[in-house]
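Report on one structure; see the data block that follows.
The values are calculated or read from the model by the stated rules, or taken from the named source; none is laboratory data. Note that this is a predicted model, so its numbers are computed, not measured. In this analysis, Cβ positions are derived from the backbone assuming ideal geometry, glycine residues included, and neighbour counts consider all displayed protein chains. Note: areas computed on protein heavy atoms with side chains; ligands, DNA, RNA excluded. Shrake-Rupley method; radii C 1.70, N 1.55, O 1.52, S 1.80 Å.
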Amino acid sequence: MKKISITGLGIVSPSGIDKRKFWANIKAGRSAVKKIERFDASKYQSRIAGQVHELDAYSNVSSRLLKKIDLFSHMALVASEISIKDAGIDMAKENLKRAGIFAGNAIGGWLYAETELRDMYLEGREGVSPFMASAWFPAAPQGQISIHYQIKGYSKTIVSDRASSLMAIAYGAKNLNDGKNDFILAGGMEAPVSPYGLLCCNTSGVLTLRNDEPETAYRPFDKTRDGMAVAEGAGILILETEERAKKRGAKIYANIIGYGTTTDGVDRIEPAADGIELGRAIQMALKDAQLEPSQIDYVCADGAGTQIGDLSETRGIKLGLGGHAKKIPVSAPKSIFGNMLGASGVLDVATTILAMEHNLVPPTINLNNPDLECDLDYCASGVQEKEIKRALVINRGRGGINCALIIEKS
Amino acid sequence: MSLEEKVKAVFKDVLEIGAEEIKPDEKMDICLGLDSTEMVEITVGLKKAFNLDILNNEFKKTLTFNELIEKIKSRGAVE
């Protein structure tokens, strides 16, 4: 595929909304996972999460619009505004029929939905806001971004569980490669820290139960891992062809040069233990990028933090990269701010871009007890100095949805 | 409170706008940026305020405020 440039970065995360603050927290390995305080979560098995603070300080969304949208759309609008500004794009001068939105999330806007459902049972159908119908569904953020900026080009919302936003970025890049858009806002958003959203995450059985030690609970690849800490947030990238980015003199953070996707097809929740299909997705991405495994400098891993998830991922990386897998750093920086489910991919790409910019490999935190079967270099001792020219980003959804994306430093 | 003032109070509550933003003879979708769902919410508010027996999509956002007042009166609302 042609090189697709990433020229804008908009981050809304528990580790910070501004990219500098975000990177400072990542570099320091400072955990943002805390006890949930938005509602009484004391009866939940897992009651810790990465939660976004200071959103209002960065938001230009009117109170009139806030009544109509869920938190996941609000975070997406803030991330979009930051990203467009970062890319130096003047929307008034763009042909918006050639602009697109590719967004991914896994669960939709439950904070809004469950409040209205409660009102329906308490007050009857007249008690339900008419905005309910357009606030909760997964494509709502895409709709709100398109209305806000009058974007009218080819757009899509991808729902592929925790691989959603990485898939959205990959398909957005493909669309630009096919010439369907001039530029695309690509990324994801997720707001699972609501009573029902958290309940669904709990019943899937993939959350950590270490409630008394939130900051060290999420420990990918550690022998004592017992699941992920969930998180909320959003990320939006500006994607455009390298040709267009150079023509307008934009800063190019990195280029997307290949991707691959596969599915395991073995279980409703767990991935296939053998990692074969993940390995195949990695090889597809390498082929798409016309690279050999030896040309990959860093892997930003999915790092589910479940026993089978991390084992399966390690096996998949080794199958995909062969012997080279043991020669390069593989880390899961999301262990710092929590697993953002459908929005994980865009935050992983953003983290990798910042790692490339600073020549530093971000760490996997809380990995103190090595698992003999998870035998790669997970950067457990902290940030590592290294020039990263090309990186592989992996995201996996429930039931073994695999997505592998390769980005190259500009 | 007059019927008109009661209707304006519903608009103020739903849209969080000042009464002065309502231009009586301009289409509401243009002067207030009203969208179709906001019109439904206003209609629900009017039903409660005047005890009207109407459908939630009875009133259109393309009406002017004065036309809306006439329609509310024609449905039996009184001052």
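Got a number for carbon plus sulfur as a percent of region B:3-74's accessible area, 1.4 Å probe? Answer for region B:3-74: carbon and sulfur cover 46 percent of the accessible area.
Going from the chain on its own to the full set of protein chains, region A:51-88 has these residues losing 40 Å² or more of accessible surface (heavy atoms, 1.4 Å probe, no ligands, DNA or RNA): A:Arg64, A:Lys67.
For region A:250-357, the convex hull spanned by the alpha carbon atoms encloses 115 Å³ per residue. Spatially, region B:21-79 and region A:258-293 are offset by 55 Å when compared through their Cα centroids. Derived scalar couplings between HN and Hα for region A:124-136 equal x, 5, 6, x, 8, 5, x, 6, 3, 4, 9, 9, 8 Hz in order, rounded to whole Hz, by the Karplus curve 6.51 cos²θ - 1.76 cosθ + 1.60 (θ = phi - 60°), x for Gly and Pro. Carbon-plus-sulfur accessible fraction, region A:226-352 (probe radius 1.4 Å, protein heavy atoms only): 49%. For region A:259-409, a crude dipole built from +1 on the beta carbon of Lys and Arg and -1 on the beta carbon of Asp and Glu, taken about the Cα centre, is about 220 debye to the nearest 20.
Normalised per residue, the accessible area of region A:259-409 is 34 Å², obtained with a 1.4 Å probe and no contribution from ligands, DNA or RNA.
The residues of region B:3-74 expose on average 52 square angstrom of accessible surface per residue, using a 1.4 Å probe on protein heavy atoms.
Between A:Asp264 and A:Ile401, A:Asn402, the built amide H atoms are under 5 Å apart, and every one of these is 5 or more places off in sequence or on another chain.
Charge tally for A:Gly109 (other residues, Cβ to Cβ under 15 Å; Lys, Arg +1; Asp, Glu -1): -1.
Considering only B:Glu67, B:Glu41, B:Glu21, the mean-square fluctuation computed in a Gaussian network model of chain B, springs between alpha carbons under 10 angstrom, is largest for B:Glu21.
Helix content alone sets the calculated 222 nm mean residue ellipticity of chain A: runs of n ≥ 4 DSSP H residues at -39500 (n - 2.57) each, divided across all residues, give -10000 deg cm²/dmol. Legend: translational diffusion of chain B by Stokes-Einstein, Rh = Kirkwood radius over C-alpha pairs, 4 °C, 1.567 mPa s; D = 106 µm²/s. Annotation: amide H of A:Lys386 within the under-5 Å range of A:Leu360, A:Val361, sequence separation 5 or more or interchain, hydrogens built in the peptide plane. What the phi angles of region A:74-80 give under the Karplus curve with 6.51, -1.76 and 1.60, with θ = phi - 60°, is a coupling list of 4, 5, 5, 5, 5, 4, 5 Hz, glycine and proline written as x. The accessible-area loss of region B:18-46 on complex formation, taken against its chain alone with a 1.4 Å probe, reaches 40 Å² or more at B:Thr37, B:Glu38, B:Glu41.
In the full protein context, region A:4-247 carries 39 Å² of accessible surface per residue, based on a 1.4 Å probe and ignoring ligands, DNA and RNA.
The mean number of Cβ atoms from other chains found within 10 Å of a Cβ in peptide A:166-175 is 0, as a whole number. With all pairs of different C-alpha atoms in the average, the Kirkwood value for the hydrodynamic radius of region A:4-247 is 18.8 Å. Fully extending the segment from A:Asp18 to A:Arg248, taken as 0.36 nm per residue of separation minus the present Cα-Cα distance, adds 80.4 nm.
Its DSSP H runs of at least 4 residues, each contributing -39,500 (n - 2.57), put the calculated 222 nm mean residue ellipticity of chain B at -16000 deg cm²/dmol, to the nearest 500. The phi torsions of region A:334-348, fed into the Karplus equation with coefficients 6.51, -1.76 and 1.60 and a -60° offset, translate into couplings of 5, 4, 7, 10, x, 8, 7, 6, x, 8, 4, x, 5, 5, 5 Hz, rounded to whole numbers, with Gly and Pro shown as x. Computed from protein heavy atoms with a 1.4 Å probe, the total accessible area buried between A and B is close to 1000 Å². Taking only the C-alpha atoms of chain A, Rg followed by Dmax gives 19.7, 63 Å.
With all protein chains present, how much of the accessible area of region A:61-203 (probe radius 1.4 Å) comes from carbon and sulfur, to the nearest whole percent? Carbon and sulfur: 56 percent of the exposed surface of region A:61-203. Report which residues of region A:121-142 become buried by 40 Å² or more of accessible surface when going from the isolated chain to the complete set of protein chains (1.4 Å probe; DNA, RNA and ligands ignored). Listed by number, the residues meeting the 40 Å² cut-off are A:Glu126, A:Pro130, A:Phe131. Modelled this way, with points 7 Å down the Cα-to-C-beta line, the labels at A:Asp267 and A:Asn177 are 3.2 nm from one another.
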